[in-house]
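The values are calculated or read from the model by the stated rules, or taken from the named source; none is laboratory data. It should be emphasised that the depicted structure is a prediction, and the values quoted were computed from it without experimental measurement. Glycine also receives a Cβ, built like all others from the backbone with ideal geometry; neighbour counts cover every protein chain displayed. The accessibility values were calculated without ligands, DNA or RNA, using every heavy atom of the protein model including side chains. Shrake-Rupley method; radii C 1.70, N 1.55, O 1.52, S 1.80 Å.
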Amino acid sequence: RANLKHPPLGRDAEEPLGGLDRARLVGVADLDVAPVAEVLAQDVGERDFDVDKLYFLILRQNHSLLLEQISEEAMGLSMETARYYAHIATQLERIGDHSVKICQVVIESRPSPNIRFARLLQNAVKKLLPMLDDAAEFTRTVDKKRAHRILNTILKTAGDVRPLYDEVIRNGLTGAAIVADSIDRFRGYIANMAEATIDHSFLEPPKGAESA
């Protein structure tokens, strides 16, 4: 069997959240600040390429374990943990793809975006950022309590995206419909990560998290 010299899966698994960081996402949401938004939108597209590379690396490592090309001992991870990271990586890759979709709309909406929609988008992104921060933490520590809190937050704030859709319908904003859909899907992907973390917490002890 080939001895695949991969870097440890767990060490890299949280980094896609850093690849699409807070400053970029907030900046892209500033649709009415043309120079900044367009430059940051292009940058997010480039960073998505990094996220994709990490995603495929994690999948390759997972497949190597499944095919017994490398042992759990050599990888430093159990099969269950590798599956967990592969699932998390899939959600992050999807978040990256939808970030690129938003950026394409930002670039194509120049020079005259719908200002009200831009403000609504900015507010929606700012509400998402703490959830992304929490997702980075509860996946790193396998903190099921934190994951539960995020699920509750997503449930309680389900109507937050509605103003975006209302503005799309009111003004016939075709491109903005893509943005509204992507913001909505972000919430779903974060919820998927939380559900996976809760499930995995029964197999792996938490790493310094305040979990029962």
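Excluding ligands and nucleic acids, what accessible area in Å² is computed for Glu195 using a 1.4 Å probe, to the nearest 10?
90
For Glu137 and Glu46, calculate 0.36 nm times their separation in residues minus their Cα-Cα distance, and state this gained length in nm to one decimal. Present the calculation step by step, with values, prior to reporting the outcome.
Details: separation 91, 0.36 × 91 = 32.76 nm, distance 2.45 nm.
Gain in length upon complete extension: 30.3 nm.
Could you calculate the FRET efficiency of Arg116 with Glu195 from 1/(1 + (r/R0)^6), where r is the beta carbon distance between them and R0 is 35 Å, rounded to 0.05?
Working: r = 34 Å, r/R0 = 0.97.
Using R0 = 35 Å, I get an efficiency of 0.55.
If I model a spin label at His63 and Glu80 as a point 7 Å from the Cα along the Cα→Cβ vector, what separation in nanometres do I get?
My value for the distance between the label points is 2.6 nm.
What accessible area, in Å² to the nearest ten, does a 1.4 Å probe give for Lys101?
The accessible area comes out at roughly 90 Å².
How far apart, in nanometres, would the label points at Phe202 and Arg185 be if each is projected 7 angstrom from Cα along the Cα-to-Cβ direction?
3.0
What figure in square angstrom, to the nearest 10, would you give for the accessible area of Asp133 with a 1.4 Å probe?
Near enough 70 Å² of accessible area.
So for Phe202, Phe49, what's the accessible-area order with a 1.4 Å probe, most first?
On the way: Phe202 145, Phe49 125 Å².
Output order, biggest surface exposure first: Phe202, Phe49.
When the chain is fully extended, how far beyond the present Cα-Cα distance does Phe56 get from Asp166, taking 0.36 nm per residue of separation? Write out the running numbers ahead of the final one.
Numbers: separation 110, 0.36 × 110 = 39.60 nm, distance 3.71 nm.
Additional length available on full extension: 35.9 nm.
How do Tyr189, Tyr165 rank by accessible surface area computed with a 1.4 Å probe, from largest to smallest?
Working: Tyr189 25, Tyr165 65 Å².
The residues order as Tyr165, Tyr189, largest area first.
Arrange the residues Ile107, Ile95 by how much accessible surface each exposes, largest first, with a 1.4 angstrom probe. Spell out each step's value before the answer.
Details: Ile107 55, Ile95 10 Å².
I get Ile107, Ile95, largest accessible area first.
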